[in-house]
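Once you've had a glance at the structure underneath, I'll fire off some questions.
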Amino acid sequence: MQQVLADAPTLVDAQVLYGVTSLMRGDSAKAIEFLRKAEQQRPDDANIQMSLGGALHDAGATDEALAHLRRACALAPKQASAWYNLGKALKQQWKLEEAVDALRHALALNDGYILARISLADICTIQGNIAQAVREYRRVLQQQPEQAEAWHALANLKTEPLNAADVEHIRRALRNPAINPNTRVALGFSLFKALEDQHDYAGAFEALREANANKRRLVRWDAAVEHARIEMIMTAFREPLPEPLDPTLGKEVILIVSMPRSGSTLVEHILASHPQVEGANEIPDLPSILEEESRRRGQAFPQWVGQADANDWARLGNDYLARTARWRETRPYFTDKGLLNWQWAGAIRAMLPGAKIIHCHRDPVDTCFSCYRQLFNDGIYYSYDMAELAEHYRDYQRLSDYWLMRFPDWILDFSYESLVQDPETQVRRLLAFCELPFDPACLSPHEAKRNVYSTASAAQVRQPIRQEPARSAPYSGWLQPLRDRLAR
């Protein structure tokens, strides 16, 4: 292709093909370069507009990307793929109502457009329309009984039971020797849920063990490196922090810190049921700021912590507030429940001295088993091996205990078990710590009309706060090695 372009640099088809190939390889800059050249010669070509929009979206130029994707739909209103790509981009930008309209356009043109229907079902889950999400996933599976993404999404709702026929469909899909490793993993986690719903706990645990082992082979995780990093964080924040320039900076922020599957989504949902609080979910702004500061200094976090003065921390705090301003457009406070917030409590204290931190925790065995039974989207690599999971939990617990000792008046230690045993007392305690007036809506968070982007908990938090048997209880014998490791 490069030779063709060298011989005929203005050949549009070659420019498009090279641009699309670059996009598939992940080189969005090269894709944009050649697709722009093609667009100049064929500005009314819907496929060029669609490909350019996709490349721009991957590069982070979202507004321009959406403009090109919308133009593709205007140029080819009967092309289902144009509407699907627009819907997918809108969904990624959390413009959910517009995304639904675009995806419904795609399905009206092609009722068998599987990816469009799965995306539509995902949005129904986020919006709390669980019954509609189930119908859409089931419709996909009627059309393609071995569709792994739909099986996993359906199982991941956790509130929708799978039946014996589902077990057989998933097993049939797993018998296909040609499926790729990631598909096999997704089907394995789905089989675990289906067998558990049939109360076949031995079969379920074996399916889960195999699915986790398959996933572990696909990811890289070094427990020793992580252990050393936690030690470095504790050492870096042992010395007193500089006195803040403004002790109230960040008073609008409520940060939730926890291991995954510890009740953090429920706590956020309770807070976001308050008329003064917006739930921002797992936003990336805090890690992005710390990573950028590390690049600027040429040192990884936390190596530069001791060199940062009050001005540096204030600069980072103001940067965070600027990036998160969208979450305060309608309500004065917002929550940030990033999955790694627990590692950065010291940095948060220095950057945002006026912020509140809620440390959510749950029984260690239940927490670890909930992680082990969850196929995470990305970034959580320690949960696919029981021994590594236990070691990571101990690091988390050690650092969390350190933060609670270091900043006892600034972090609320909040137990999931206490919350479900006595919701009103604990909700009042939570709101008082956040300096928010009590609002009865916080006792009925399942009635709140809001989007929940944590799809692993999206259906569960639509249910009333209540005590339920521990999900680990039927697997007690198989979990004894985990219990022993955690008790060391």
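The values are calculated or read from the model by the stated rules, or taken from the named source; none is laboratory data. From a predicted model like this one, the values you see are computed outputs, not experimental measurements. For neighbour counting, all protein chains shown are included, and Cβ atoms are generated from backbone atoms with ideal geometry for every residue, glycine included.
When both residues are 6+ apart or on different chains and their Cβ atoms are under 8 Å apart, which pairs have a first residue that lies in segment 96-119 and is touching a residue at least 60 places away in the same chain (Cβ under 8 Å), and a second that is in a loop (DSSP other than H, G, I, E, B)?
L96/N451
When segment 275-329 is examined, which residues are found to be aromatic (F, W, Y) and in contact with a Leu (Cβ under 7 Å, 6 or more places away or on another chain)?
F301, Y320, listed by residue number.
Can you confirm whether L352 is among the aliphatic types (A, V, I, L, M) and out of contact with any Phe, Trp or Tyr (no Cβ under 7 Å at 6 or more places or on another chain)?
No: the conditions fail for L352.
Report those helices (runs of 4 or more DSSP H) wholly inside segment 60-178 carrying at least 3 residues which are more than 30 Å from N214 (Cα to Cα) and not basic (K, R).
62-75, 80-92, 96-109
Exposed (fewer than 15 other Cβ atoms within 10 Å of the Cβ) and either on the phi < 0 side of the Ramachandran plot or not assigned by TED's automatic domain parsing to the domain that holds F433 (or both) - does that describe any residue in segment 256-275?
Yes, because at least one residue in segment 256-275 is exposed (fewer than 15 other Cβ atoms within 10 Å of the Cβ) and either on the phi < 0 side of the Ramachandran plot or not assigned by TED's automatic domain parsing to the domain that holds F433 (or both).
Can you name every residue in segment 186-223 that is crowded, with 16+ Cβ neighbours inside 10 Å, among the aliphatic types (A, V, I, L, M) and farther than 22 Å from E146 by Cβ?
Residue satisfying the conditions is A223 alone.
Looking only at segment 351-398, count every residue that is in contact (Cβ under 8 Å) with a residue 12 or more places away in the chain and not in a helix (DSSP H, G or I) and tell me the total.
Summing the residues that are in contact (Cβ under 8 Å) with a residue 12 or more places away in the chain and not in a helix (DSSP H, G or I) in segment 351-398 gives 23.
Next question, about the same structure. Which residues, taken from segment 59-81, are in contact with a Gly (Cβ under 9 Å, 6 or more places away or on another chain) and surrounded by 18 or more Cβ atoms within 10 Å (Cβ to Cβ)?
A65, L66, H68, L69, R70, R71, A72
Next up: Is there a residue being under 23 Å from the mean Cα position of the chain (by Cα) and surrounded by fewer than 20 Cβ atoms within 10 Å (Cβ to Cβ) anywhere in segment 34-56?
Within segment 34-56, not a single residue is under 23 Å from the mean Cα position of the chain (by Cα) and surrounded by fewer than 20 Cβ atoms within 10 Å (Cβ to Cβ).
Shifting gears a bit: Is it the case that E417 is assigned to a helix (DSSP H, G or I) and either of a type outside the set (V, I, T) or without any contact (Cβ under 8 Å) to a residue 12 or more places away in the chain (or both)?
When the stated conditions are applied, E417 passes them.
Let me ask something else. Scan D336, D363, D413, D401 and give me the residue that is touching a Leu at 6+ places or on another chain (Cβ under 9 Å), surrounded by fewer than 18 Cβ atoms within 10 Å (Cβ to Cβ) and charged (D, E, K, R).
D413
Being aliphatic (A, V, I, L, M) and crowded, with 21+ Cβ neighbours inside 10 Å is the filter here; which residues of segment 366-395 pass it?
L375, L389, A390
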